[in-house]
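Notes for the one structure printed next.
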2 protein chains.
Amino acid sequence: VIAGLAVTPQIPLLGQSAAIHAVREYRQAHEREIVAELVRFLELPNVADDVEAIYLNARALSDMLKQRGIEPVLLETGGAPYVYGERKTAGSDRTVLFYAHYDGQPVAVERWEGHLPFQPVLRDKPLAAGGRIIELPAEGPFDPDWRLYARSAADDKGPIIALLAALDALDAAGLEPSVNLRFLFEGDEEVGSPHLAEVAGANSELLRADLVVAADGPNDPSGLPTMYFGARGIVSAEITVYGPLRPLHSGHYGNWAPNPALRLADLLAGMKSTATGRVLIEGFYDDVRALSDFELRALAEAPYDDEEQQRVFGIAQPEAEGKRLELINQPSLNIRGLRSGWVGAEARTIVPDQAVANLDLRLVEDIDPREQIERLIAHVRKQGYAVVGSEPDLETRLRHPRLARIVVSDGYPAFRTSMDLAVSRAVIASVEEHTGQTAVKLPTLGGSVPLYVFTDVLQVPTVGIPTVNHDNNQHSPNENLRLGHLWNGIEVLASAMLLK
Amino acid sequence: VIAGLAVTPQIPLLGQSAAIHAVREYRQAHEREIVAELVRFLELPNVADDVEAIYLNARALSDMLKQRGIEPVLLETGGAPYVYGERKTAGSDRTVLFYAHYDGQPVAVERWEGHLPFQPVLRDKPLAAGGRIIELPAEGPFDPDWRLYARSAADDKGPIIALLAALDALDAAGLEPSVNLRFLFEGDEEVGSPHLAEVAGANSELLRADLVVAADGPNDPSGLPTMYFGARGIVSAEITVYGPLRPLHSGHYGNWAPNPALRLADLLAGMKSTATGRVLIEGFYDDVRALSDFELRALAEAPYDDEEQQRVFGIAQPEAEGKRLELINQPSLNIRGLRSGWVGAEARTIVPDQAVANLDLRLVEDIDPREQIERLIAHVRKQGYAVVGSEPDLETRLRHPRLARIVVSDGYPAFRTSMDLAVSRAVIASVEEHTGQTAVKLPTLGGSVPLYVFTDVLQVPTVGIPTVNHDNNQHSPNENLRLGHLWNGIEVLASAMLLK
């Protein structure tokens, strides 16, 4: 998601705990086996809508749990099954539930360079830097800058293998986890987790835990261990403003037929200030929950790369004042698309019949998706528009000089687990003390993940621990996982199994 | 151009002059021959970019002139040739130059119903009203509601045939035109008349005249004879506003990366008031030339069908106060297209990298196209934008928080011949007295035609006399000409040959 930043992670090798040192020694001795298990897993096509393929993945994953002495349970959904497993730790009354997903994004086969998306290959450096395909050596050690290219290498089969390798490493070193371990692997994440809330509701006992660790997403580009305690929710709305019933000749009708593109521009311009970046819709920020001192301090300590990002993305000046990582603790209104008439070589001399804008509203903790959309609709009404939900007929058009259709997506709320909770402090301490590094700790991830299911349905504090390289081409052709990030992921996730 | 209006022309048959009565009698006796000549002409494909086909048309047209005793001259251009011809009238020192075009718009063959675009067919009523293909009867009279379907039937081969039939009718009746006649037929009109100014400049003696009559375009839906003494000019501009170098994740970057769609909306909203319909760009109306009392009276007398048009097009309220025919005497700013990111099923959660608006500015007499565009650019600069003419590089993006690229089309100015000139009064009197009807007389046609070449380069007063049915599907599949409009066209154009 922070693709394109030319930051090479520099992972200090000092300061880790004896336990993590043992995990690292195990990994160094088993690099070939760990990579081989991931390669076999990646050879299984896993696009969410191919149910048969998804079941092959679920069965392979079940076998991988069985090999670790964990009895797999398939939680059926009517769609892709969840794979569940549990390992008790004698004498522990605390439980950590690890969540990841085994399905992958669709693939545009023709855009993959040099191999098919489900034929994993190893490259000696990133493709973008001229990396070439190399043989998988018969044994390690492997160069940590080598990368494995395949769909789901990073999102999210790599982290599943890291979790299993962490368990193997602790076992091999004779180190008991400090908590009971539960695993929940989803097969429908890339289509929006349509069954997650239902599965959580129906299996609340099975999934009961003191902490959920979601192992998904890219590590901070600094290479430091990364933890997010919240993520923005999302809801989207498509606004259509109407002009004449069909496009009219702009010579004969321009000046007379209302232009819907101008009307839409006017409507959108009134929603947000281009000068301050503030949304001007009444009540938009009302429910924002303030960050605690600890969270503010964590943000202040987080690596600051705004200027580097401005340089890379050609941004002379950000939209609003403040650091990017602070700003994403606020709700947002983003125009993600505009369409009206034609432009460029296709431009024709018409007054368009309609103009469409698609918006996404990102939400933060305590903002209700439905209420935020109602605020948007109220704002549109306040500008004199009649708001309808479906394509208006001629009579409706003739009744309302200003007419807008607003179609709303379902969306879901934000989640946020307070960093001040004892269990939050404990997982932070585990990761930082075991790895010997100060973690990047974010109150809110800018992007949206439906982890509110864990915090709101299961009522379990939740932290995301993303471990893969930021330039992994997630959701795109040539997805890849840097081996050094896989190694570090094993150590960071092992730390969470040794919860303080 | 006023397609879709369900107005059936009612042509009163009373009050015409003896000369026009004679023209009508000739036509009634020769309907079969007139239609057959048009059909043969329509069988020649005439899309402007097919040079070979265009020359076949030019030669056929030359033959048609020769048959009338007019020696044709091909004026070569490097593109399509102009076909020129002249017929002197003994004792007359006045000259009328008739202009029309023999090329046609491109055809989407698969969208023509029941026949190919260059296989003309006769239908017993409009296709939209269930009209069926009928045989061309061996002799007239033909039902005036029958329609001939073919590319260029209305735009603009029908009017060429009307001109030639008018000449035949006057000859047959032994009626001399009151003026010398000149004919100029263009073969590049549908690609924007790229050679017209050059041909006019190089042949100013050949084309010298007291009046130009342009025989092109649709009659007023009322069915009354129609004359326009001006037309708006046009110039277009595409404005691109820049955001990040490539689309960014709206979760991780929304609130921070500037959104170009919002910026563009804000910029466009500031250009024109949605409340009054007035353009807010400084100087936009400065050069507008006021209409004379005679012109204002002509406008006031013109048929008023705004309410009918609102009903048909689903417009609850026009953009500005005033009659449509009055409003088109003002310059306009029309957003004809918007593009940014994606909408609908393709919407994705991104901050777009750019947003594009395509505008057309219609011009009226005395507004210079270049100056009007400079006013637009000055307005954009005043909003804090650096304006560039080509795709900006990274350095340029990093230098300017607000950056817009504006690409301008050539365009051309409006034309307007004062209705108060003696020759204007004369042609109005000729048409009204001969046909016995009050003509619809427009100071300005809303659409753009490059007749400024006649008024500005040749310095000849110019009037447009459009004669074809308004619902002719000009520029679209299933173009057609109503026979009753062809008949009336012959009479109206004959009236102009009998200039008072």
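The values are calculated or read from the model by the stated rules, or taken from the named source; none is laboratory data. Everything quoted here is computed from the prediction, not taken from an experiment. For neighbour counting, all protein chains shown are included, and Cβ atoms are generated from backbone atoms with ideal geometry for every residue, glycine included. Please note that ligands, DNA and RNA were not included when accessible areas were found on the heavy atoms of the full protein model with its side chains. Shrake-Rupley method; radii C 1.70, N 1.55, O 1.52, S 1.80 Å.
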Exercise. Within a Cβ distance under 10 Å of residue B:139, other residues only, what is the Lys/Arg minus Asp/Glu net charge?
Worked result: -1
Problem set entry | Rounded accessible area of residue B:342 (nearest 10 Å², 1.4 Å probe) | 70
Problem set entry | Accessible area (Å², per residue) of chain B, counting only protein heavy atoms and a probe of 1.4 Å | 36
Seminar exercise, completed: So for R0 = 56 Å, FRET eff. of residue A:40-residue B:124 from the Cβ-Cβ r, to 0.05, ends up at 0.15
Exercise. What number in nm² do you get for the protein assembly as shown if you take the convex hull of its Cα atoms and divide its surface by four?
Worked result: 44.1
Exercise. Based on Cβ point charges of +1 for Lys and Arg and -1 for Asp and Glu, what charge dipole magnitude is obtained for the range A:340-435 about its Cα centre, in debye rounded to the nearest 20?
Worked result: 560
Exercise. Accessible area, 1.4 Å probe, largest first: how do A:311, A:24 sort?
Worked result: A:311, A:24
Exercise. Cα extents of chain A along the three principal axes, largest first, in whole Å?
Worked result: 82, 49, 47
Problem set entry | For peptides A:147-159, B:46-58, sequence by mean Cβ density within 10 Å, most packed first | A:147-159, B:46-58
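Using the Cα centre of the protein assembly as shown as the reference point, and only Cβ charges (+1 on K/R, -1 on D/E), how large is the resulting charge dipole? Debye, rounded to the nearest 20.
For the protein assembly as shown, the charge dipole is close to 1200 debye.
Interface B/A, total buried accessible area with a 1.4 Å probe, nearest 100 Å²?
Counting protein atoms only, the buried area is about 7300 Å².
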Seminar exercise, completed: Sorted by chain and then number, the residues having a modelled amide H within less than 5 Å of the amide H of residue A:479, at least 5 places away or on another chain, are A:150
Exercise. Can you give me the Cα centroid spacing of the range A:353-386 and the range B:435-479 in angstrom?
Worked result: 46
For this session: Take every Cα-Cα distance within the range A:69-149, group them into 10 Å bins from 0 onward, and report for each bin the whole-number percent of pairs it holds.
Result: 13, 27, 24, 27, 9, 0
For this session: With a point put 7 Å past each Cα toward its Cβ, work out how far residue A:421 is from residue B:410 in nm, to one decimal.
Result: 7.0
Exercise. Which ³J(HN,Hα) values in Hz, rounded to whole numbers, follow from the phi angles of the range A:448-454 under the Karplus curve 6.51 cos²θ - 1.76 cosθ + 1.60, where θ = phi - 60° and Gly and Pro get x?
Worked result: 10, 9, x, 7, 4, 4, 6
Problem set entry | Those residues of the range B:138-152 whose amide nitrogen sits under 18 Å from the label point placed on residue B:33, 7 Å along Cα→Cβ | B:138-142
For this session: Arrange the residues B:226, A:276 by how much accessible surface each exposes, largest first, with a 1.4 angstrom probe.
Result: A:276, B:226
Exercise. Which semi-axes, in whole Å and largest first, does the equivalent ellipsoid of the range A:336-471 have when worked out from the alpha carbon gyration tensor as the square roots of 5 times its eigenvalues?
Worked result: 45, 20, 10
For this session: Could you run the Karplus curve 6.51 cos²θ - 1.76 cosθ + 1.60 with θ = phi - 60° over the range A:441-447 and give me ³J(HN,Hα) per residue in whole Hz, x for Gly and Pro?
Result: 10, 10, x, 9, 8, x, x
Exercise. With the dipole of the protein assembly as shown worked out from charges on the C-beta (+1 for Lys and Arg, -1 for Asp and Glu) around the Cα centre, which of B:389, A:183, A:264 lies farthest toward the positive end?
Worked result: A:264
Seminar exercise, completed: The set of residues whose placed amide H lies less than 5 Å from the amide H of residue A:234, leaving out same-chain residues fewer than 5 positions away, is A:363, A:412
For this session: Set the Förster distance to 45 Å, then compute FRET efficiency between residue B:316 and residue B:374 from the Cβ-Cβ distance, nearest 0.05.
Result: 0.80
Exercise. Around residue B:447, with a cut-off of 10 angstrom between Cβ atoms, what is the net charge of the other residues, counting Lys and Arg +1 and Asp and Glu -1?
Worked result: +2
For this session: Could you go through the range B:158-172 in sequence order and give the Karplus-derived ³J(HN,Hα) for each residue, using 6.51 cos²θ - 1.76 cosθ + 1.60 with θ = phi - 60°, rounded to whole Hz, and x for Gly and Pro?
Result: x, x, 5, 5, 4, 4, 5, 5, 4, 4, 4, 5, 4, 4, 4
Exercise. How many partner chain Cβ atoms sit within 10 Å of a residue's Cβ in peptide A:398-408, on average, as a whole number?
Worked result: 2
For this session: Sort B:178, B:236 by accessible area with a 1.4 Å probe, largest first.
Result: B:178, B:236
Problem set entry | For the range A:197-253, size of Cβ-based charge dipole, Lys and Arg +1, Asp and Glu -1, in debye | 360
Seminar exercise, completed: Of every Cα-Cα pair in the range B:215-268, the percentage lying beyond 14 Å is 70
Exercise. How high is the FRET efficiency from residue A:391 to residue B:110, r the C-beta distance, R0 30 Å, rounded to 0.05?
Worked result: 0.65
Exercise. Per residue, what volume in Å³ does the Cα convex hull of the range B:452-500 take up?
Worked result: 92
Exercise. For helix A:369-382, what angle does its Cα long axis make with the longest principal axis of chain A, in degrees from 0 to 90 and rounded to 10?
Worked result: 20
Problem set entry | Shape call, the range A:264-315: gyration tensor on alpha carbons, a/c limit 1.5 | oblate
Exercise. Label-to-label distances across copies for residue A:15, with labels 7 Å out along Cα→Cβ, in nm, shortest first?
Worked result: 9.7
Exercise. If one puts a single equal scatterer on every Cα of the range B:53-188 and applies the Debye formula without solvent, what log₁₀ I(q)/I(0) results at q = 0.10, 0.11, 0.17, 0.20 Å⁻¹?
Worked result: -0.42, -0.51, -1.03, -1.21
For this session: Identify, among B:70, B:480, B:99, the residue whose Cα sits farthest towards the positive end of the charge dipole of chain B, taking +1 on the Cβ of Lys and Arg and -1 on the Cβ of Asp and Glu, with the dipole about the Cα centre.
Result: B:480
Exercise. Which shape class, rounded, prolate or oblate, goes with the range A:296-384 when its Cα gyration tensor gives a ≥ b ≥ c as root eigenvalues, a/c under 1.5 marks rounded, and past that a/b bigger than b/c marks prolate?
Worked result: oblate
Problem set entry | residue B:386 long-range amide H proximity, modeled H, under 5 Å | B:402, B:403, B:404
For this session: Figure the gain on full extension for residue B:145 and residue B:348 (residue separation times 0.36 nm, minus the Cα-Cα span) and round it to one decimal in nm.
Result: 67.9 nm
For this session: Can you list which of the trypsin sites (Lys or Arg not before Pro) found in the range A:219-280 are DSSP loop residues with at most 16 other C-beta atoms within 10 Å?
Result: A:278
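According to the square roots a ≥ b ≥ c of the eigenvalues of the Cα gyration tensor, what is the shape class of the range A:197-323, taking rounded for a/c under 1.5, prolate for a/b larger than b/c otherwise, and oblate for the remainder?
Details: a/c = 2.64, a/b = 1.69, b/c = 1.56.
Prolate.
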